[in-house]
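Working notes, structure below.
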Amino acid sequence: MIYYVGSFLLIALGLYAVIIKKNLIKILIGLDLIASGVNLLIISIGYVKGGTAPIFSRAGLKASMMVDPIPQALTLTAIVIDASEMALAVAFVVLLYKHYGTLDIKKIRSLKW
Amino acid sequence: MVRKVVYSIFLAIIVLALAMFFAAYPFGKNKMTVGEYYLNHGVAQTGAANIVTSVVLDYRGFDTLGEVSVLFAAAAGVAILFFLAGGTKREQEDLTKPNFVVRVGSRIIFPFILLFGSYIFIHGHLTPGGGFQGGSIIASGFLLLYLSYPGTRTNRDGLSIIEGLAGLTFVVLGLIGLFLPQYSFLYNFLPKGTLNTIVSAGILPIIYIAIGFKVASEFAGIVDDMMCQVICRGGGK
Amino acid sequence: MILVSWVLIILMIALAILSIELKNLIAAVVAVGAVSLVISLLFLLIQAPDVAMAEASIGAALTMAIYIIGVRKTERSEKDG
Amino acid sequence: MVNLANPILLVVIPLFFTFLIALSGSFLKSGVKYLPVIAFALNIIVSLALIPEVVKNGMVIATTAGFKPPFAIDMAVDKLGLFLSLIASLLGFVASVYNLFYIDEEPQEKFHALFTLLVAGLTWMIITGDIFNLFVAFEVTSIAAFGLVGFHRDKGAIEAGFKYLVMGSIGGSFLLIGIIMLYAATGTLNIVDIAQKTSNLTFQQKLFPFAMIFTGLGIEGALFPLNAWLPDAHPAAPSSVSSILSGIMTTAAIYAIIRLTNTIFDFNQIYFFLMIFALLTLIFGEVSAFFQKDIKRMLAYSTIGQTGLFFFAFSLNTVNGLQGAFMQMVNHSLSKGMLFLVVGGMIMQVGSRNIDDFAGLGRKMKVSSFFLAIGAFSLMGLPPFFGFWSKLKIIFAALQNANAFLVASVVIILLMSVVEGAYFFKLLQVMYFGKQEKDVAVKEASYGMLFSVVVLGTVLLIISFYPAPVINFMHKAAAEIINKNYITLALKLGGL
């Protein structure tokens, strides 16, 4: 259960950073935390008590004693998507800094939400 | 201050909603239906020892194609944003050159990183890891090179050719399935081989190698664009 | 294992709070990388080695590198707020 | 020979060409711009080949990886999905022809690759039958769109792109949480399979995933509190991209919401709230559009208004209402797509986006202005045009079993139509009767750009004067969705 709590807290912290923080990098950090929290949540859903990793690497592993492989596959996809989103976001931030000379969201013309 | 309180309440509501929902699905309880099918039949149907790989590349291979496109889109987006107008000369910032040990060390380590990365994506269907992990390890090798030799630039045309080729390999392997009697995209048409050997699982290792190359070249491209923004000055719009 | 995961999750939350509150942006970014690393350990604990590797190599290493490059290009520290 | 009637080709062909562009970009240089045209021409052929199959069976399902649906991803095209993907391919084709003459900024090959990917992602979102695949398609679309919005790299574009990125990324996370909730509840990801297993869930267990998915898709679909990014992003993008964003993206996202609400979450309690969201969106969009000086911004706000209109029609939850929503979607996609293309050509000539600078254009760019007027009339819902039929349908559907609230909303819709008419007439008046102060040499847009406009305009005119086939088709599609034929057909064809 602690895994669920951890991932909820991560999501909440991330949302907090995105909404409250005024610094562009901090906003990106918030987005990253949300994404990590969601990934942790997905993996925790697939866990089965006493299960092993879903890899038949040696003899004697039984399919009934493994954790759910689907959430792991989904998370693999999600991690790569998050990383690409973050790369693009950093690029945007660098360019914003180039145009405005500041990372403060209040000083950038219409960036308010 | 009022804003903070309002948002905190909003956050609390979201967390509460999540907690209320997931209280019905406790941690560690078996919730599988489709997953069970994969565990029971995955080895026989795909020939990959690593069920996660068989899900990622075979059963849900179409997702992975999308994921590769997302990565491609991000790399292209970064390239668009950091595009420097044609003939602008790239000036070097006065960076303190990394010391001798770092430079020589990274040159020695670099081939090993490449080797390690390729090992991981070649064995993706047998052990944990695969194209994404291996590819990103190779990309971090490139990152190391950039850090120790700040002036380095990769051959971008070469990178985008690798990108394109790897992507096309994936799509074409999928399209072959449409010409077979099974008439299904991404059908695993090669023989499955014996479990737990390198040459097994049909097209899965080939796809993972293609993905490895693609991920490595995309991330190397992104890092290259970013580093150029740090090191080179001038140009741009 | 339960004890380990408790410790790791508390560590993770602490690092996440640090990454939000630290004024020094480089430090904040490093804290985010550390969060990713802790998460990848958690993934290992709940039997997801594939994902753990991906998180460690993509989430922790590459993303953090990209962040650091971005911070170096902009400002090192957060002014008030 | 491959059977062309396979929905998967609609996604795979553009992806193939995207990677081909990346591969050949370094040695074909400016030749790559012809590749998207080929890709979408092929897509149109595939869509046309799908028509007889869909009409015969009601739905076409294509599996991947050689496994049956709940275990593998499938693509499911029903009547409406087919229609929308046909429109997406058509708009993609037309806009990529337009790009041949419109885009001269570097890096061209990246632009064309992303453009192809954007349309591919939208088609993907429309036809996918798997809910996680929907998320992937959503991300393909949005990440391609982020890059394209920032394409000009000026202050406005970067700002808009960043804003869109932050909101889109949060939306993606919410969508993913919703999907994962559904997975936790049912253990499967196929939409039809989930739909069969959600019937024994409690209201609360369905409400949370619905709220999450609604928030995620609502950001892309520009519903009221979530659309702060849109009026910045659409004007900042190159016009051909705005045409796709406005024409198809909101439609695709709303279509995804409609399909998920009608298959997975079949509850009736929620429609009232959706209606309020829709009306707020409508009012917000149209009223803000009225005050705009920037023509692309005005069109972007008008998109929000239109979204509100067809979302309202959907939230009536009757066959007629849904039919009206679909007709309005078609009308909006065609005419707004065309308007952005026309306006792009005009901006190129005038060199400004301010409406006042468009004075006298009606006499100088005759063809463009003519089609602009047609698009505007159709959006307003003036009688001979298709927009009239769709608006009429929506109003009749709302009055079918009217209560006070519905009558009030009909009044709001009519009022907003008047507002819409006011700003479009203001624009037309400036264009046709306005005095031009400076004497700028303004020519008609190039033939290639006019070609795309004329194609869309002709399609719009044809369905305006012969609306019966489209109306009948939409009626059948709406009835199928309300009667949950989607599920039964998928079960019959997919062998779940």
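The values are calculated or read from the model by the stated rules, or taken from the named source; none is laboratory data. No experiment lies behind these values; they were computed from the predicted model shown. Backbone-built Cβ (ideal geometry, glycine too); neighbour counts: all protein chains shown. Side chains included, ligands, DNA and RNA excluded: accessible areas come from the protein's heavy atoms. Shrake-Rupley method; radii C 1.70, N 1.55, O 1.52, S 1.80 Å.
D:V430 meets each of the listed conditions (1) at pLDDT 85 or above; (2) surrounded by 13 or more Cβ atoms within 10 Å (Cβ to Cβ); (3) not hydroxyl-bearing (S, T, Y) apart from (1).
With respect to the stated conditions, D:I248 is modelled with pLDDT of 85 or more and under 16 Å from D:V330 (Cβ atoms).
Within region A:67-76, is even one residue away from chain B (no Cβ under 12 Å), open to solvent by less than 10 Å² (accessible area, probe 1.4 Å) and closer than 20 Å to A:I2 by Cα? Within region A:67-76 (the criterion being away from chain B (no Cβ under 12 Å), open to solvent by less than 10 Å² (accessible area, probe 1.4 Å) and closer than 20 Å to A:I2 by Cα), the answer is no, since none of the residues qualifies.
Across region A:1-11, the qualifying residues are those that are under 12 Å from the mean Cα position of the chain (by Cα) and either within 7 Å of another protein chain (Cβ to nearest Cβ) or of a type in the set (D, E, K, R) (or both), and the one among them that is least open to solvent (accessible area, probe 1.4 Å) is A:L10. Assigned to a loop (DSSP other than H, G, I, E, B), open to solvent by 10 Å² or more (accessible area, probe 1.4 Å) and either within 30 Å of B:A220 (Cα to Cα) or not aromatic (F, W, Y) (or both), is that true of B:M32? It is true that B:M32 is assigned to a loop (DSSP other than H, G, I, E, B), open to solvent by 10 Å² or more (accessible area, probe 1.4 Å) and either within 30 Å of B:A220 (Cα to Cα) or not aromatic (F, W, Y) (or both). Summed over region D:198-219, residues that are within 8 Å of chain B (Cβ to nearest Cβ) and over 27 Å from the mean Cα position of the chain (by Cα) total 2.
Restricting region D:1-59 to residues that are open to solvent by 40 Å² or more (accessible area, probe 1.4 Å) and hydroxyl-bearing (S, T, Y), the residue that is farthest from the other protein chains (Cβ to nearest Cβ) is D:Y34.
I need every pair where a residue in region B:21-42 that is among the aliphatic types (A, V, I, L, M) has its Cβ under 7 Å from the Cβ of a residue that is in a loop (DSSP other than H, G, I, E, B), sequence separation at least 6 or different chains. Listed pairs, sorted by first residue: B:M32/A:D68; B:M32/D:G187; B:V34/D:G187; B:V34/D:T188; B:L39/A:P54.
Evaluation of A:K22 against the conditions (1) closer than 16 Å to B:M32 by Cα; (2) surrounded by fewer than 22 Cβ atoms within 10 Å (Cβ to Cβ); (3) touching a residue at least 40 places away in the same chain (Cβ under 8 Å) shows that the sole unmet condition is (1).
Do we have C:A31 as away from chain B (no Cβ under 14 Å), in a helix (DSSP H, G or I) and either touching an Asp or Glu at 6+ places or on another chain (Cβ under 8 Å) or small (G, A, S) (or both) here?
Taking the combined requirement at face value, the residue satisfies it.
Looking at the structure I just gave you, is B:G202 among the small types (G, A, S), outside any helix (DSSP H, G or I), touching a helix residue (DSSP H, G or I) at 6+ places or on another chain (Cβ under 9 Å) and crowded, with 16+ Cβ neighbours inside 10 Å? Yes.
Name the single residue that is farthest from A:L33 (Cα to Cα) among those in region C:11-21 being more than 7 Å from every other protein chain (Cβ to nearest Cβ) and within 13 Å of the chain's Cα centre (by Cα).
First pass over region C:11-21, keeping only residues more than 7 Å from every other protein chain (Cβ to nearest Cβ): C:11, C:14-15, C:18, C:21.
Going one step further and asking which of them are within 13 Å of the chain's Cα centre (by Cα), we end up with C:11, C:14-15, C:18.
On the way: C:L11: 14, C:A14: 12, C:L15: 11, C:L18: 12 Å.
The extreme case among them is C:L11.
Restricted to region D:126-146, and to residues that are more than 7 Å from every other protein chain (Cβ to nearest Cβ) and more than 19 Å from D:A72 (Cβ to Cβ), which residue is surrounded by the fewest Cβ atoms within 10 Å (Cβ to Cβ)? Per the stated criteria, the residue is D:S142. Could you list, in sequence order, the residues of region B:153-163 that are surrounded by fewer than 17 Cβ atoms within 10 Å (Cβ to Cβ) and at pLDDT 75 or above? Selection gives B:D157, B:G158.
Here is a check on your reading of the model: is D:F83 closer than 27 Å to D:G448 by Cα, in contact with a helix residue (DSSP H, G or I) (Cβ under 6 Å, 6 or more places away or on another chain), in a helix (DSSP H, G or I) and aromatic (F, W, Y)? No; evaluated as a whole, the condition is false for this residue.
Please pick out the residue among A:K98, A:K49, A:K107 that is within 8 Å of chain B (Cβ to nearest Cβ), out of contact with any Asp or Glu (no Cβ under 9 Å at 6 or more places or on another chain), closer than 20 Å to D:D232 by Cβ and basic (K, R). Spell out the reasoning first.
On the way: A:K49 fails: closer than 20 Å to D:D232 by Cβ; A:K107 fails: within 8 Å of chain B (Cβ to nearest Cβ).
Going through A:K98, A:K49, A:K107 in turn, the sole match is A:K98.
For D:I374, state whether it is more than 21 Å from the chain's Cα centre (by Cα) and either surrounded by fewer than 16 Cβ atoms within 10 Å (Cβ to Cβ) or not small (G, A, S) (or both).
On the way: more than 21 Å from the chain's Cα centre (by Cα): no; either surrounded by fewer than 16 Cβ atoms within 10 Å (Cβ to Cβ) or not small (G, A, S) (or both): yes.
No.
The lone criterion from (1) over 30 Å from B:N30 (Cα atoms); (2) of a type in the set (F, W, Y); (3) surrounded by fewer than 20 Cβ atoms within 10 Å (Cβ to Cβ) left unmet by C:Y67 is number (3). So, C:I68, is that one within 14 Å of the chain's Cα centre (by Cα), within 30 Å of A:K106 (Cβ to Cβ) and assigned to a helix (DSSP H, G or I) or not? For C:I68, the condition - within 14 Å of the chain's Cα centre (by Cα), within 30 Å of A:K106 (Cβ to Cβ) and assigned to a helix (DSSP H, G or I) - is met. Any residue in region D:473-486 that is in a helix (DSSP H, G or I), on the phi < 0 side of the Ramachandran plot and charged (D, E, K, R)? Looking through region D:473-486, at least one residue is in a helix (DSSP H, G or I), on the phi < 0 side of the Ramachandran plot and charged (D, E, K, R). Hey, D:L114 hits all of (1) within 14 Å of chain B (Cβ to nearest Cβ); (2) under 20 Å from D:T263 (Cβ atoms) but one; which does it fall short on? Exception for D:L114: condition (2).
Take the residues of region B:126-152 that are under 18 Å from A:F56 (Cα atoms), within 11 Å of chain C (Cβ to nearest Cβ) and not hydroxyl-bearing (S, T, Y): which is most open to solvent (accessible area, probe 1.4 Å)? Explain how you work it out, then say what you get.
First, the residues of region B:126-152 that are under 18 Å from A:F56 (Cα atoms): B:126-130.
The next check asks that each one be within 11 Å of chain C (Cβ to nearest Cβ); those that pass are B:127-130.
Applying the additional criterion that residues be not hydroxyl-bearing (S, T, Y) yields B:128-130.
Details: B:P128: 45, B:G129: 0, B:G130: 0 Å².
For region B:126-152, the residue satisfying everything is B:P128.
Return the total of residues in region D:290-305 being under 19 Å from D:G218 (Cβ atoms) and out of contact with any Ser or Thr (no Cβ under 8 Å at 6 or more places or on another chain).
Of the residues in region D:290-305, the ones under 19 Å from D:G218 (Cβ atoms) are D:300-305.
From what is left, the residues that are out of contact with any Ser or Thr (no Cβ under 8 Å at 6 or more places or on another chain) are D:302.
Of the residues in that region, 1 qualify.
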